[in-house]
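In what follows, a single structure is set out as structure tokens and then discussed.
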Amino acid sequence: MNMKGFVIFSIVLAACALASSVQIDTSSRAHHKACKGKAIYKVVVKYVWTGMTHPGAYPPDGHFSPTTVCSHGDGYTMWTPGGFATKGVQDVAETGNNKALLKELKAQLGRNVYWYDASKGPTPDGTEKVVFLIKLDGYRSMSSGISMVAPSPDWYTGWDNVELCDSKGKWVKKYKGNLSVWDAGTDSGKKFTSKDKKTKPYDKIVSILSTTFGGVPVGTVTFTRK
């Protein structure tokens, strides 16, 4: 499904939960020293997807849905390669609608999710920049994000579980990564404008960067500590 709108640049700084009566899951960090205090990072999502960069893999009206971003700990996973899409991730991947995903994040806020937000609308095309200021603390020092590659059956881009606290307990100064493209495993369409064809049962999340996008990333994400 196509999503149209006009947003070129979005800077969002949202309030985060500071305390919770529910214990934070840190079980997988037994050998990972937590960073001290809190941190703020500038996150720049630079989308680069055009007919020139991706010949044969850029449809008319190609764009990205609103980008949803969060900081979290081990007890929360937005999405992960080889996993299965939640309802929230499915909706983003198939339609660009992030309402269910925002509800999933809100349900974990103050526990395993420290902060979350989303840009205010879809990009007008495939070459835009979206900027966030995100907050983290020592036990919720990872970031994940997602945006639909539109139009498409159930394809999206984003990053998962980017750790901004290193193994020595120091906040990472800067991190930059490429944006791959993923199939959420919920629709069996093979082309950008394929008709809806629900996958039953759902498949695992897999990369389609090589098979559909010529192995060329659709952008980058850069984290810089403030």
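The values are calculated or read from the model by the stated rules, or taken from the named source; none is laboratory data. This structure is a prediction, so every number in the text was calculated from the model and none was measured. Positions of Cβ are backbone-derived with ideal geometry, glycine not excepted, and every protein chain shown enters the neighbour counts.
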Of everything in the range 190-226, what is crowded, with 19+ Cβ neighbours inside 10 Å and in contact with a Lys or Arg (Cβ under 9 Å, 6 or more places away or on another chain)? Give them in sequence order. Thr212, Gly219, Val221, Phe223
Residue list for the range 131-141, filter: within 16 Å of the chain's Cα centre (by Cα) and surrounded by fewer than 23 Cβ atoms within 10 Å (Cβ to Cβ): Val131, Leu133, Lys135
Determine if the range 134-146 includes at least one residue that is over 27 Å from Arg111 (Cβ atoms), modelled with pLDDT of 95 or more and among the polar types (S, T, N, Q). no
The one condition in (1) closer than 18 Å to Tyr41 by Cβ; (2) surrounded by fewer than 17 Cβ atoms within 10 Å (Cβ to Cβ); (3) among the small types (Gly, Ala, Ser) that Ala107 fails to fulfil: (1)
Top-ranked residue in the range 28-42 [being among the hydrophobic types (A, V, I, L, M, F, W, C) and closer than 14 Å to Glu163 by Cα; ranked as modelled with the lowest pLDDT]: Ala34
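Let's see how each residue does on (1) of a type in the set (A, V, I, L, M, F, W, C); (2) part of a strand (DSSP E or B); (3) without any contact (Cβ under 8 Å) to a residue 12 or more places away in the chain; (4) touching an Asp or Glu at 6+ places or on another chain (Cβ under 7 Å):
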{"site": "Thr123", "(1), (2), (3), (4)": "no, no, no, no"}
{"site": "Gly126", "(1), (2), (3), (4)": "no, no, no, no"}
{"site": "Ile134", "(1), (2), (3), (4)": "yes, yes, no, no"}
{"site": "Ile146", "(1), (2), (3), (4)": "yes, yes, no, no"}
{"site": "Val149", "(1), (2), (3), (4)": "yes, yes, no, no"}
{"site": "Ser152", "(1), (2), (3), (4)": "no, no, no, no"}
{"site": "Tyr156", "(1), (2), (3), (4)": "no, yes, no, no"}
{"site": "Asn161", "(1), (2), (3), (4)": "no, yes, no, no"}
{"site": "Lys168", "(1), (2), (3), (4)": "no, no, no, no"}
Return yes or no: is Glu128 of a type outside the set (Phe, Trp, Tyr), surrounded by fewer than 19 Cβ atoms within 10 Å (Cβ to Cβ) and on the phi < 0 side of the Ramachandran plot? no
Conditions first: (1) among the β-branched types (Val, Ile, Thr); (2) buried (at least 20 other Cβ atoms within 10 Å of the Cβ); (3) in contact with an Asp or Glu (Cβ under 9 Å, 6 or more places away or on another chain). Thr67 passes all but one, so which condition is the exception? (3)
Anything in the range 182-226 that is polar (S, T, N, Q), within 23 Å of Thr53 (Cβ to Cβ), within 20 Å of the chain's Cα centre (by Cα) and outside any strand (DSSP E or B)? List them, or say none. Ser210, Thr212
